[in-house]
Structure formats: C-alpha cells, structure tokens
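The values are calculated or read from the model by the stated rules, or taken from the named source; none is laboratory data. Computed from a prediction, not measured in an experiment: that's the story for all the values here. All Cβ positions, even for glycine, are placed from backbone atoms using ideal geometry, and neighbour counts span all protein chains on display. For accessibility, only protein heavy atoms count, side chains too; no ligands or nucleic acids. Shrake-Rupley method; radii C 1.70, N 1.55, O 1.52, S 1.80 Å.
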Amino acid sequence: MYFMLMSVRMTPPLPLIFLLMIHGVSSAGWGVSYSPSHICALKDSTVIMSCSYTYPTGHQVMKAFWTNTLVKDDDGEYPDLSNDTEYSQRLQYLGDKQPNCTVRLSHVTLNDSHEYYFRFITDEDKWLGKPGVTLNVTDLQVESPERVTEGDSVRLTCKSSCTLTDRATFIWSRNSQPLTERRDGNNELLLQSVRREDAGRYSCAVHGHTHTSPDVHLNVMYPPRSVSVSVSPSGVIVEGDSVTLSCSSDSNPPALNFSWFKENETSAVGSGQSFSALQSGRFYCQAHNQHGSQRSDAVTVTVHHGAGRNVIVITAASGGLFIIIFIIIIITMFIM
C-alpha cells in the first residue's frame, strides 16, 4: 500500500469587517442630528426642534425643508411641510445652509404628534435625516375621586399622556379662581382634611402656557348642618287650626329622613320633613343622611282653646257695634 504525501498551501483567512452605522451620519460626511430626538409638548405650546447637518465640501445646498412622512409624492420627493396648509402658518425654518437646520412649530395640536425629518438637496445629491424627531403632543386631565367625605385627605393629579420635555410648574384653579398657594411642581394637589368649602370645579395648567385642563367637579359629602324649624302660620293658633312645622338642613347628599320630638320626651312624635302640631309644647326635628345627623333648636307651639276663639269673635263684634253707634250719633248732631 502506497501513501502519497501532498503539500497543501494554506491561504490566510479573510478579515472580518464590521460596519458601524450611525443614524443620520455617513462616512462620506453626510449627516443630520437632532437634540433632543424625543419631545413631549403641551397642546397650544410652541416647539423648537433643534437640528444640525453636514455634507461634503464642494457641494451647494439647493433646498432644505422638513417633512413628517416617508411616503414620496407623485414627483418622487418627500412632501415639504411648509407647503402643507396645516403647517404653513405655524412652521418657521430657523436654520441656514450649514450646519443649522432648526425649525419652530407653534400652536401644536394633538394631530401634530408625528416623527419629523429634515431633508436637504444639494447640486449633486439628496439626504434625509432618518430617524427623525419624535414629537408627542399632550393635553392635561385632572384625576380625582368622584366622591369624598368631609375630613378625608384628597389628592388631585394633573395628568399628561407623556412626560413634558420642559420643566413644568403646575398651577391649580377652583371655580376658575387661581389657588395661588397651591402651586406644586409635582403635578399633585393635596387637600388635607377636606371641608365643604373645598367642593367645586378644579382645573390645572402649566405656568407660562395657555392650555388648561377640563374642569373636574369635586363632590364633598357631609352630614346635616344648620338644621332649623319654621312654623306656619306664625300668629296666634286656636284649637282646631292647623299648624305645620317644617324642617330644613344643609347636607350632602340632602337629608331624606326627618324625626320629630317633643322636648323632654324620648320617643319620636312624628316623621317626615313636615309635621302637624295639634297641641302646645316645644318641638324639634332631627335630620339624617348616611354621614350622620343633627337636631334643630326647639320651637314653642301654643294652642289656645275654643273659649279663646269666642272671646276674639265677641271682642271684634263689640268693637264694630261701638263704631256704628258713634257714627249714628255724629250724623244726628249735624241734622239737628
């Protein structure tokens, strides 16, 4: 058996080449960069998208513009936002031929939330700064509990859909009146030991901006207060007449349960917002809701018995007869 030895020439391995791609920058000197690349702006505010770009020497910039789509038009070019009626009055290019490509967009709306790209065209080539600037436009909403009870601690939050890029100082209003002592940088309003007077319409805004959140109503629940009794009729009450006592109170929710008591008696003598008193005495009412109860001061009811009516009628009749006799005497004197 024969073995043949063969020499093999080993070729060196091919070198591995890593290509590092940086968005918006090429090795040939073309590039666009944005700072910052993500912006969260408040509705109705003005946004400045800072931008810089480079291109090789020897080229001349023929056109520079911004776009918010990667879909080309019928001419095979990206649409220029300055020609868009939605942007033309609000978009201002602050840049130059090199290196500044900054743009300002005013009165931003929720529909302006897009990714924006800078595009420039030279006498020999074109470049699109991709990826671009991501703009999120947010409004403000107040988050609060629907119902709170007097004495609770309440936290209201001014919320946005993204974290505002610019440092924000939040301001609060109640019933369209500023709460100057309640300006808070952490977008929260804390009401400790809430009172009835704290109920109302709350809204928030960011200092230096015109946009204001929609109102949110804070409903503060509390037990009956200022319970009082009214008497009708209020004059002399004679046996057989009807005298009505009515109970009123300030409460939230309104009191629906009322109990009537005669002073120095433990059992209720009636219920309902109105009560008919048929006898003399001192009466008071007690108003109830699910948060508590309170009683009124007592009122005095005095009922005169039947003889009193006869006296009143007789007195009135006697007085009338005296007047008639007096008139007859005067007339007789003039005739004589």
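Quick notes on this one:
- Breaking point among (1) in contact (Cβ under 8 Å) with a residue 24 or more places away in the chain; (2) open to solvent by 70 Å² or more (accessible area, probe 1.4 Å), for THR102: (2)
- Residue within segment 9-28 that is at pLDDT 50 or above, in contact with a strand residue (DSSP E or B) (Cβ under 7 Å, 6 or more places away or on another chain), farther than 30 Å from THR212 by Cα and surrounded by 14 or more Cβ atoms within 10 Å (Cβ to Cβ) present: no
- Residues satisfying the stated conditions in segment 180-214, i.e. of a type in the set (A, V, I, L, M), open to solvent by 20 Å² or more (accessible area, probe 1.4 Å) and over 13 Å from the mean Cα position of the chain (by Cα): LEU190
- Segment 53-77, residues that are within 16 Å of PRO99 (Cβ to Cβ), assigned to a strand (DSSP E or B) and open to solvent by 50 Å² or more (accessible area, probe 1.4 Å): THR54
Yes/no matrix, rows are residues, columns are (1) closer than 30 Å to VAL148 by Cβ; (2) of a type in the set (Gly, Ala, Ser); (3) assigned to a strand (DSSP E or B):
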position: SER248; (1), (2), (3): yes, yes, yes
position: SER251; (1), (2), (3): yes, yes, yes
position: PHE261; (1), (2), (3): no, no, yes
position: GLU265; (1), (2), (3): no, no, no
position: GLY270; (1), (2), (3): no, yes, yes
position: GLN279; (1), (2), (3): no, no, no
position: TYR284; (1), (2), (3): no, no, yes
position: ALA287; (1), (2), (3): yes, yes, yes
position: SER293; (1), (2), (3): yes, yes, yes
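- Of all the numbered requirements in (1) at pLDDT 95 or above; (2) open to solvent by 80 Å² or more (accessible area, probe 1.4 Å); (3) outside any loop (DSSP other than H, G, I, E, B), HIS107 misses one, and that requirement is (3).
- Selection of segment 110-126 for residues being open to solvent by 30 Å² or more (accessible area, probe 1.4 Å) and either over 18 Å from VAL71 (Cβ atoms) or among the small types (Gly, Ala, Ser) (or both) yields LEU110, SER113, ASP123, GLU124, ASP125.
- Within this structure, ASP80 fails the test of being charged (D, E, K, R), farther than 23 Å from SER33 by Cα and surrounded by 15 or more Cβ atoms within 10 Å (Cβ to Cβ).
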